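**Q** Just dropping this structure here.
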Amino acid sequence: MKTSWRTASLVATAAAVLALTTACGQDNGTSPASAAQNVGATAPAGSPTSGAGTGSGNGYGADGNQSSSSPAPAAPAGKLTVAADPNLGKVLTDGSGLTLYRFDNDTANPPKSNCDGDCATTWPPVPANDATAGAGVDKSLLGEVTRADGTKQLTIGGWPAYRYAKDAKAGDTNGQGVGGKWFALAPNGKKASLAALPGLSVRKDPRLGDIIVDKNGMTVYRFLKDKAWPKVISNCTGACLQKWPAVGIVKPEDTQGVKKKGLMGFTRPDGVQQMTVNCWPIYTFSGDKAPGDTNGEGVGGTWYAVSPDGKPVGAPGN
């Protein structure tokens, strides 16, 4: 088989400092008096979690201890196909529809797998012997690499391909973002991701409805202890800002579906330039590991996803 690879392109960052005007404070609601003081170090009991979080125990994303013995023979790859995922875009799947993944600790030039032992139990290598290219898959990108145990593993654009033990059925993407090193494969061997998004845009979440996401597709949040009038104030500082990074300045013309009124930036006392929607400071959440995650929703009773008009989705009184 022939092996080739491509260099991933980076999405350019939009940054422009906008002057804060007297438009802030108009048509803004107030934070509930009962808002909790917790800045959100941990999610509340019963809050949704994502399979894209970091793994437990052995560090490979599987529950419990894994045997160090050689993993059972993996199922054949079959005809590779392309699936459309609402959060990741085009994702490469095997003949059974299971998502294929790549590992950041591997290399594509030259191809080399660095996932053995327990790792290969949690992330079964995809055999190369019977893999064929289905619709939407360039067969010239299919290759193989010889693993430490002598078996041949499928490569896509040079990257060794794996399945994930926690994916039970076609369409599952529970391995996305595990440990910050595992990502679903796009048909070209790159990490699967949606096409370049505007600086801010709107995504329809199955549970929360229309919410704002940043240029990487990550959910945007509001902190109920912040203020928008008569002056924009962020009350998330220090350790809080590490857990809830401020969204940087975005040009209004680099947004889609977001209310334009009060869409501007301000400079925080710590010098960080932060974006606002309807004059409310906005953030992402360090606990969200992949586009589509909403693990920050409701944390501490003070953090909520943001609707296109700047309101906190799901917050009391909204």
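**Q** Please verify whether region 132-144 includes one or more residues that are surrounded by fewer than 16 Cβ atoms within 10 Å (Cβ to Cβ), touching a strand residue (DSSP E or B) at 6+ places or on another chain (Cβ under 6 Å) and of a type in the set (D, E, K, R).
**A** The answer is yes; a qualifying residue exists.
**Q** Quick one: what pairs do we get from region 141-154, first residue in contact (Cβ under 8 Å) with a residue 40 or more places away in the chain and outside any helix (DSSP H, G or I), second open to solvent by less than 80 Å² (accessible area, probe 1.4 Å) and basic (Lys, Arg), C-beta under 6 Å, 6+ apart or different chains?
**A** Gln153/Arg147
**Q** Only one of these is out of contact with any strand residue (DSSP E or B) (no Cβ under 6 Å at 6 or more places or on another chain) and either crowded, with 19+ Cβ neighbours inside 10 Å or part of a strand (DSSP E or B) (or both): Cys119, Cys115. Name it.
**A** Selected residue: Cys119, the only one of Cys119, Cys115 that is out of contact with any strand residue (DSSP E or B) (no Cβ under 6 Å at 6 or more places or on another chain) and either crowded, with 19+ Cβ neighbours inside 10 Å or part of a strand (DSSP E or B) (or both).
Per-residue answers, yes or no, for (1) open to solvent by 20 Å² or more (accessible area, probe 1.4 Å); (2) of a type in the set (A, V, I, L, M, F, W, C):
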{"residue": "Val232", "(1), (2)": "no, yes"}
{"residue": "Gly238", "(1), (2)": "yes, no"}
{"residue": "Thr267", "(1), (2)": "yes, no"}
{"residue": "Tyr283", "(1), (2)": "no, no"}
{"residue": "Trp303", "(1), (2)": "no, yes"}
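**Q** Yes or no: Ala246 farther than 22 Å from Gly209 by Cα, among the small types (Gly, Ala, Ser), out of contact with any helix residue (DSSP H, G or I) (no Cβ under 8 Å at 6 or more places or on another chain) and at pLDDT 95 or above?
**A** Against the criterion (farther than 22 Å from Gly209 by Cα, among the small types (Gly, Ala, Ser), out of contact with any helix residue (DSSP H, G or I) (no Cβ under 8 Å at 6 or more places or on another chain) and at pLDDT 95 or above), Ala246 qualifies.
**Q** Looking at region 296-318, I want the residues that are over 12 Å from Trp280 (Cα atoms) and at pLDDT below 95 and have a partner that is assigned to a loop (DSSP other than H, G, I, E, B) and open to solvent by 20 Å² or more (accessible area, probe 1.4 Å) with Cβ atoms under 6 Å, at least 6 apart or on another chain. Which pairs are those?
**A** Pairs that qualify, where the first residue is over 12 Å from Trp280 (Cα atoms) and at pLDDT below 95 and the partner is assigned to a loop (DSSP other than H, G, I, E, B) and open to solvent by 20 Å² or more (accessible area, probe 1.4 Å), are Pro316/Pro32; Gly317/Pro32; Asn318/Lys311.
**Q** I'd like to know if region 267-280 contains one or more residues that are assigned to a loop (DSSP other than H, G, I, E, B) and under 26 Å from Gln176 (Cα atoms).
**A** No, because not a single residue in region 267-280 is assigned to a loop (DSSP other than H, G, I, E, B) and under 26 Å from Gln176 (Cα atoms).
**Q** Take Asp226 and tell me if it is under 20 Å from Pro198 (Cβ atoms) and buried (at least 19 other Cβ atoms within 10 Å of the Cβ).
**A** The answer is no for Asp226.
The values are calculated or read from the model by the stated rules, or taken from the named source; none is laboratory data. Computed from a predicted model, the values in this text were never measured in an experiment. In this analysis, Cβ positions are derived from the backbone assuming ideal geometry, glycine residues included, and neighbour counts consider all displayed protein chains. All accessible areas refer to the heavy atoms of the entire protein, side chains included, with ligands and DNA or RNA removed. Shrake-Rupley method; radii C 1.70, N 1.55, O 1.52, S 1.80 Å.
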